[in-house]
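Shown next, in structure tokens, is the structure this report addresses.
The values are calculated or read from the model by the stated rules, or taken from the named source; none is laboratory data. If you're wondering where the values come from, they're calculated on a predicted model, not measured in any experiment. When we count neighbours, we look across all protein chains shown, and the Cβ atoms used for this are built from the backbone with ideal geometry, even at glycine. The protein model used for the area step is the full one, side chains on, heavy atoms only, and it has no ligands, DNA or RNA in it. Shrake-Rupley method; radii C 1.70, N 1.55, O 1.52, S 1.80 Å.
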Amino acid sequence: GGRARIPAELWRDGLAWQVTAFFGCMGLSFYFVLGWLPTICHQQGMTLDEGGLVQAVTSLIQVAGSLGVPALIRRLPDQRGVAVIVALLNAGGLIALVLAPISVGAWVAAVLLGLSQGAGFALGLTLIGLRAKDADSAVGLSGMVQGVGYLIAILGPLGGGMLLSSSAGLTAALVLLLVVTAGELIAGVGAGRNRHVLEPALPGPGTTR
């Protein structure tokens with residue numbers, strides 16, 4: 001297909017940036033887990049094979065999360081609640097992975113992270129269509145959200161590798177990911193409001209245009 005043209009006004013639109021930030025923060029956490037979950041399980045005392053199995057379970061649950069969310073979204077007046085749940089599940093999964101005994105924490109993390117990240121990806125992509133008022137703005141918003149969002153997301157595996165090999169190690173990675181998850185929550189609450197990009201937030205009742 002042709003290259004998506006991103007209207008200049010989108011770069012100045014707060015709602016467009018909230019959708020982008022939600023997608024990017026969610027993606028950063030997703031790719032960190034994808035790249036480093038077996039390694040973290042191994043560092044915490046599991047065998048590499050067990051860590052690989054935890055990763056496989058996480059991936060299976062991600063599929064379930066991504067399939068269930070679009071149907072739920074269509075029944076809701078806005079998506080703020082879903083965004084909050086996605087972020088809280090992600091935070092819970094990260095905390096369980098690092099702070100709980102690994103023989104239990106790894107499997108709790110697999111369920112919570114799988115649900116959060118599967119649902120988060122589905123929500124991030126669905127928000128593109130819901131926040132655009134027409135096909136042209138949907139194409140532009142999609143280009144912005146995925147272009148900038150994946151640039152943010154790729155920092156997950158890169159930053160994760162640097163932190164996990166440093167003296168600060170897993171604790172620093174957990175703190176960073178919880179900060180990113182807080183950003184995901186804040187951006188998701190903004191992006192989840194029932195509004196469209198490229199239109200006034202609250203037009204007055206007497207406004208003609």
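The table for this structure:
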quantity	calculated
Charge dipole (debye, nearest 20) of segment 1-78; +1 at Cβ of Lys and Arg, -1 at Cβ of Asp and Glu	360
Extreme residue, positive dipole direction of the chain, given options 125, 27, 159 (C-beta unit charges)	125
Kyte-Doolittle at least 0.5, axis length at least 27 Å by Cα - qualifying DSSP helices, the chain	14-43, 48-73, 80-99, 102-131, 169-191
Sum of -39500 (n - 2.57) over DSSP H runs of 4+, divided by residues of the chain (222 nm, nearest 500)	-26500 deg cm²/dmol
Point-charge dipole on Cβ atoms (K/R +1, D/E -1) for the chain, about Cα centre, debye to 20	580
Per residue value of the accessible surface for the chain (all protein chains in place, 1.4 Å probe), Å²	49
Spatial separation of Cα centroids for segment 140-183 and segment 9-35, in angstrom	11
Top positive-direction residue, dipole computed over the chain with Cβ charges, set 146, 196, 91	196
Rounded FRET efficiency, nearest 0.05, which uses the C-beta distance separating residue 166 from residue 104 and R0 of 25 Å	0.40
Protein accessible area in the chain, 1.4 Å probe - carbon and sulfur %	68
